[in-house]
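Just below is one structure, and these are the notes that go with it.
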Amino acid sequence: PDLAVTTATAPAIATRGTTASYSYTVQNIGTVDSPFVGNDGVYLSTDQVFSTNDQLVSENSNVGVNRLAPGASYTINREFQAPHFYPTGDYYLLFVSDRGNNQFETDDANNTFALPFHLNAADLEISSVVVPASAAPDSEVNVSWTLENLLDGTARGPFYVTAYLSEDNAVGSDQ
């Protein structure tokens, strides 16, 4: 057998911690049946070469196919969560068939399909706070602020902001 990832799709950009959909197709381009199918994975990588340094983001160990005849294929449609802990930047999503190298294949070089991928993040900051200079005891006051996203990632809400009355500019035993 010769399992090859022949096509893959995924978003080009995702924000850390969000869910993204992907799809890939594996075809047996060899001349004999593949007796074992379904040890695939999707990895986040700094390059287009699959290695032990790559981060597994989705494992597909049961693809619903027992044998794969020559010319036959299967397609996987799933989701993965973009890692929270990776720095923002440019990466590759690697779609890897037979990731455990369990098949005796004629060619392992075509088991990986790479797609460019950008991991971004949100960074929220409160700015432009507007408060009255003074207020009477037990009265209501209007407080407003602007919430800005300083990075390129989409910030998903809802967002909750709490205002405290303080005698200084430090967080502590405020009311």
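Read-outs throughout are calculated quantities, based only on the coordinates presented, and are distinct from any laboratory measurement. On a predicted model such as this, the values are computed, not experimentally measured, just so you know. All Cβ positions, glycine included, derive from the backbone under ideal geometry; neighbour counts span all protein chains shown.
Data overview
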quantity: Karplus 3J(HN,Hα) series, Hz, for segment 24-29 with 6.51 cos²θ - 1.76 cosθ + 1.60 (x for Gly, Pro); calculated: 8, 10, 10, 10, 7, 8
quantity: Nearest-0.05 FRET efficiency for Ile13 and Glu167, computed from C-beta distance (R0 35 Å); calculated: 0.20
quantity: Of Leu115, Leu165, Leu151, the one that fluctuates the most in a GNM where the chain has Cα springs shorter than 10 Å; calculated: Leu165
quantity: Within a Gaussian network of the chain (alpha carbon springs, distance under 10 Å), most fluctuating of Val96, Val143, Val26; calculated: Val143
quantity: Whole-Hz couplings from phi, Karplus 6.51/-1.76/1.60, listed for segment 6-22; x for Gly and Pro; calculated: 8, 7, 7, 9, 6, x, 7, 9, 8, 8, 3, x, 8, 9, 10, 8, 9
quantity: Gained length - Thr154 relative to Asn66, 0.36 nm times residue gap less alpha-carbon distance; calculated: 27.6 nm
quantity: Shape call, segment 94-153: gyration tensor on alpha carbons, a/c limit 1.5; calculated: prolate
quantity: Estimated vicinal HN-Hα couplings, Hz - segment 97-106 in sequence order (Karplus 6.51, -1.76, 1.60; Gly, Pro = x); calculated: 8, 6, 5, x, 6, 7, 8, 8, 9, 6
quantity: Residues whose placed amide H lies under 5 Å from that of Val57, excluding near-sequence neighbours; calculated: Val42, Tyr43, Leu44
quantity: Coil-residue chymotrypsin sites (Phe, Trp or Tyr not before Pro) of segment 61-110, DSSP, other Cβ within 10 Å capped at 15; calculated: Phe85, Phe104
quantity: Exposed-site-free run, longest, the chain (rule: trypsin sites (Lys or Arg not before Pro); DSSP loop; at most 14 other C-beta within 10 Å); calculated: 68-155
quantity: Computed FRET value (nearest 0.05) for Thr52 with Ile126, which takes r as the C-beta separation and R₀ as 35 Å; calculated: 0.25
quantity: Residue among Ala155, Ala82, Ala136 with the largest mean-square fluctuation in a Gaussian network model of the chain, springs linking Cα atoms under 10 Å; calculated: Ala136
quantity: Distant-in-sequence amide H partners of Ser34 (H built 1.01 Å from N, under 5 Å); calculated: Leu68, Ala69
quantity: (i) 1.03; (ii) 0.96; (iii) 1.27, with the label sought being that of the calculated Rg/Rh (Cα atoms, Kirkwood Rh); calculated: (iii)
quantity: Euclidean distance between Cα centres, segment 155-174 to segment 1-71, Å; calculated: 45 Å
